[in-house]
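Every read-out reported here was derived from the displayed coordinates using simple, explicitly stated rules and does not represent laboratory data. This is a predicted model, so every value here is computed, not measured. Please note: Cβ atoms are built from the backbone with ideal geometry, for glycine as well, and neighbour counts cover all protein chains shown.
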Amino acid sequence: MTFELPKLPYKYDSLEPYIDEQTMKIHHDKHHQTYTDNFNKAFEKYPGFLKKSVEEILIDLSKIPEEIRTAVKNNGGGYYNHLLFWQILSGDKKNQKFEGKVAEAVEKQFDGFDNFKILLSDAAMKRFGSGWAWLVYNPILKKLEVYSTSNQDCPLSEGKIPLLLIDVWEHAFYLHYLNKKADYVSAIWNVINWKKVNELYEKALKS
Ligand code: MN
């Protein structure tokens with residue numbers, strides 16, 4: 001048994017003009033495939049872990065043998081983060097409505113959608129080097145949080161539940177936006193799958 005890369009859940013050009021077809025092809029077929037391959041490779045000497053889910057593995061990295069822990073954190077994070085990233089994007093207007101329980105919680109907790117958008121965009125812009133900006137649910141404090149992580153570090157490893165994420169690695173935008181990261185961060189708001197984010201939030205509330 002190995003971890004597999006599922007097909008992109010929509011066409012490569014579905015997010016045009018905000019995220020271009022070529023970027024999606026290379027990002028999914030090359031970058032995500034490489035994380036997937038290297039995640040599997042990390043367990044060559046420890047195949048027992050391949051029976052677990054990627055979530056189970058990332059939730060408690062201390063259970064991973066030290067000699068492969070960094071490879072598992074980086075490539076498991078890359079594998080999981082991108083799986084989620086494809087799902088929380090959509091070019092379909094029906095999925096883009098900011099509504100439901102997550103919309104209520106975001107508005108209440110961050111003092112309106114506009115302010116939330118500023119906070120998450122700011123987290124994305126201020127992440128120096130490669131990483132991700134996140135909206136997560138903190139099940140201990142029972143509230144939403146916005147922050148960023150470096151590299152492929154995943155909030156699951158800090159006991160948090162990912163709901164929405166923005167890839168701020170250069171590979172996510174450079175082909176189309178070149179050095180204009182702010183234009184990419186601003187464009188991505190047009191293709192957020194709020195229907196999916198709301199599903200993740202409702203599930204997180206039950207955790
Ligand atoms: Mn990426």
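Looking only at the stretch 155-169, which residues are more than 11 Å from the ligand (Cβ to nearest atom) and either touching a Gly at 6+ places or on another chain (Cβ under 6 Å) or in a strand (DSSP E or B) (or both)? I'd like the intermediate steps shown before the answer.
Narrowing the stretch 155-169 to residues more than 11 Å from the ligand (Cβ to nearest atom): 155-164.
161, 162, 163, 164, listed by residue number.
Just to verify a result, which residue in the stretch 170-207, among those that are part of a loop (DSSP other than H, G, I, E, B) and in contact (Cβ under 8 Å) with a residue 60 or more places away in the chain, is farthest from the ligand (Cβ to nearest atom)?
Taking the stretch 170-207 as the starting set, the residues that turn out to be part of a loop (DSSP other than H, G, I, E, B) are 173, 178-180, 193, 206-207.
Checking the rest, the ones that are also in contact (Cβ under 8 Å) with a residue 60 or more places away in the chain come to 173, 193, 207.
Values: 173: 10, 193: 17, 207: 26 Å.
Across the stretch 170-207, the extreme among qualifying residues is 207.
Out of all the residues in the stretch 100-117, is one or more within 19 Å of residue 190 (Cα to Cα), touching a Ser or Thr at 6+ places or on another chain (Cβ under 9 Å) and surrounded by 13 or more Cβ atoms within 10 Å (Cβ to Cβ)? Steps first, please.
Taking the stretch 100-117 and keeping what is within 19 Å of residue 190 (Cα to Cα), we get 100, 102-103, 106-107, 112-117.
From the residues that got through so far, the ones that are touching a Ser or Thr at 6+ places or on another chain (Cβ under 9 Å) too are none.
No: zero hits.
Condition test on residue 173, is it surrounded by fewer than 22 Cβ atoms within 10 Å (Cβ to Cβ) and hydrophobic (A, V, I, L, M, F, W, C)? Give the steps one after another, and end with the answer.
Working: surrounded by fewer than 22 Cβ atoms within 10 Å (Cβ to Cβ): no; hydrophobic (A, V, I, L, M, F, W, C): yes.
Here the answer is no, as residue 173 does not meet what is asked.
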> Before we move on, is residue 97 closer than 29 Å to residue 53 by Cβ and of a type in the set (Lys, Arg)?
Replying inline: no
> Which condition breaks for residue 152 when tested against (1) closer than 19 Å to residue 57 by Cβ; (2) surrounded by 23 or more Cβ atoms within 10 Å (Cβ to Cβ); (3) within 13 Å of the ligand (Cβ to nearest atom); (4) not β-branched (Val, Ile, Thr)?
Replying inline: (2)
>> residue 98 - would you say it is within 30 Å of residue 206 (Cα to Cα), in contact (Cβ under 8 Å) with a residue 60 or more places away in the chain and aromatic (Phe, Trp, Tyr)?
In response: yes
> So which residues in the stretch 1-53 are closer than 16 Å to residue 91 by Cβ and among the aliphatic types (A, V, I, L, M), if there are any at all?
Replying inline: 8, 15, 19, 24
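Tell me, which residue of the stretch 62-79 that is within 16 Å of the ligand (Cβ to nearest atom) and of a type in the set (Gly, Ala, Ser) is surrounded by the fewest Cβ atoms within 10 Å (Cβ to Cβ)?
Of all residues in the stretch 62-79, those within 16 Å of the ligand (Cβ to nearest atom) come to 73-79.
Filter once more, so that each one left must be of a type in the set (Gly, Ala, Ser): 76-78.
On the way: 76: 29, 77: 25, 78: 21.
Looking at residues that are within 16 Å of the ligand (Cβ to nearest atom) and of a type in the set (Gly, Ala, Ser), I get 78.
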>> Looking at (1) under 22 Å from residue 200 (Cβ atoms); (2) touching a helix residue (DSSP H, G or I) at 6+ places or on another chain (Cβ under 6 Å); (3) more than 16 Å from the ligand (Cβ to nearest atom), which one does residue 82 not meet, given that it meets all the others?
In response: (3)
